[in-house]
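Colleague: The following block contains the structure, expressed as structure tokens.
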Amino acid sequence: MITRGITKTDYDTIVAVLDRWWGGPSGERAHPVFFYELGEHALIAEEDGVLVGFLLGFISDGSPRTGYVHLVGIHPEHRRRSVGKLLYLQFAERAKAAGAERIKAITAVGNEGSDHFHRALGFTCVEEPSYAGEGRARLVFTRDL
Ligand SMILES: CC(C)(COP(=O)(O)OP(=O)(O)OC[C@H]1O[C@@H](n2cnc3c(N)ncnc32)[C@H](O)[C@@H]1OP(=O)(O)O)[C@@H](O)C(=O)NCCC(=O)NCCS
């Protein structure tokens, strides 16, 4: 398996498979801004030429400087084989090299797979009741680099 930066062909593939990988309408999650404007640190995992996972993340200039993972998705037939872990480790390395002091991600309350995954990778988890607006709670994960 290899990881590498994203290309337009990869982006087109992700948009085409997203609904299937998430089990429902999800196309908007991969908004073009995460490729065209923020795609410099986005990563792809590939096995024998097949795209098996992706991580749409970027470095935010806030204080502290943060590597933010907007969206990670692993091919359903390749889950629990450390593809997600590999993508996060690569992203964390790149974020650190770019001066980030922590990495961060959020997920919907009730996404148990994502919750377990982030905790397994050493993230601290806080449930923020109004994170995405009044009554719109999110799990907020952070890990120092
Ligand atoms: C969540 C997701 C990214 C995990 O990717 P993955 O490649 O399967 O995860 P890994 O194999 O690297 O898992 C690393 C560890 O995380 C934990 N973990 C991962 N998925 C888990 C799950 N569904 N349930 C419980 N623990 C889980 C385990 O401890 C695992 O180690 P182990 O397999 O040795 O026990 C993947 O299931 C996915 O794409 N889900 C749908 C999209 C999504 O919810 N994305 C996150 C929000 S943007």
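Colleague: Pull up the cross-link candidates among the lysines for K104, meaning alpha carbon to alpha carbon under 16 Å and not fewer than 8 places away within one chain.
Modeller: Correct list for K104: K85, K96.
Colleague: Quick one: Cα centre-to-centre distance for region 14-68 and region 75-98, in angstrom?
Modeller: 12
Colleague: Would you work out the charge dipole size for the chain about its Cα centre, treating the Cβ of every Lys and Arg as +1 and the Cβ of every Asp and Glu as -1, and quote it to the nearest 20 debye?
Modeller: 320
Colleague: Related question: Within a 10 angstrom radius of the beta carbon, how do V126, V52 rank from fewest other beta carbons to most?
Modeller: Details: V126 11, V52 19.
If I rank by nearby Cβ atoms, fewest first, I get V126, V52.
Colleague: In addition: Could you please report the charge total around K96, scoring K, R as +1 and D, E as -1 over all other residues with beta-carbon less than 14 angstrom from its beta-carbon? Kindly include the intermediate steps, with their values, before the conclusion.
Modeller: Values: positive: R65, R94, R102, K104, R143; negative: E93, E101, D144.
Here the count lands on +2.
Colleague: Could you calculate the FRET efficiency of R20 with S82 from 1/(1 + (r/R0)^6), where r is the beta carbon distance between them and R0 is 25 Å, rounded to 0.05? Each step should come with its number before you reach the end.
Modeller: On the way: r = 22 Å, r/R0 = 0.86.
Efficiency computed from Cβ-Cβ geometry: 0.70.
Colleague: Separate question: With helices defined as uninterrupted DSSP H runs, which ones in the chain have an alpha carbon span along their own long axis of at least 18 Å and mean Kyte-Doolittle hydropathy of at least 0.0? It would help to have the intermediate numbers written out before the result.
Modeller: Working: long enough: 8-22 (21 Å, -0.33); 83-97 (21 Å, 0.19).
Membrane-span-like by this rule: 83-97.
Colleague: How much net charge surrounds V17 when only the other residues with a Cβ under 13 Å from the Cβ of V17 are counted, with Lys and Arg +1 and Asp and Glu -1? Walk me through the numbers on the way to the answer.
Modeller: Values: positive: R20, R29; negative: D10, D12, D19, E77.
It works out to a net charge of -2.
Colleague: Which value in deg cm²/dmol, rounded to the nearest 500, describes the helix-derived mean residue ellipticity at 222 nm for the chain, given -39,500 (n - 2.57) per DSSP H run of n ≥ 4 and division by the residue count?
Modeller: Numbers: 4 runs with 43 residues, N = 145.
Computed mean residue ellipticity for the chain: -9000 deg cm²/dmol.
Colleague: Another question, then. Based on the Cβ-Cβ distance of R119 and Y36, what FRET efficiency does E = 1/(1 + (r/R0)^6) give at R0 = 30 Å, to the nearest 0.05?
Modeller: Values: r = 32 Å, r/R0 = 1.08.
The computed FRET efficiency comes out at 0.40.
Colleague: Amide H neighbours of G57 under 5 Å, at least 5 residues apart or on other chains, H built in the peptide plane: list them.
Modeller: Hits under the 5 Å cutoff: A42, L43, H70.
Readers should treat all values here as calculations from the given coordinates under stated rules, not as data from a laboratory. Predicted model only: the values in this text are computed from it and were never measured. Every residue, glycine as well, gets a Cβ built from its backbone with ideal geometry; the counts of neighbours run over all protein chains shown.
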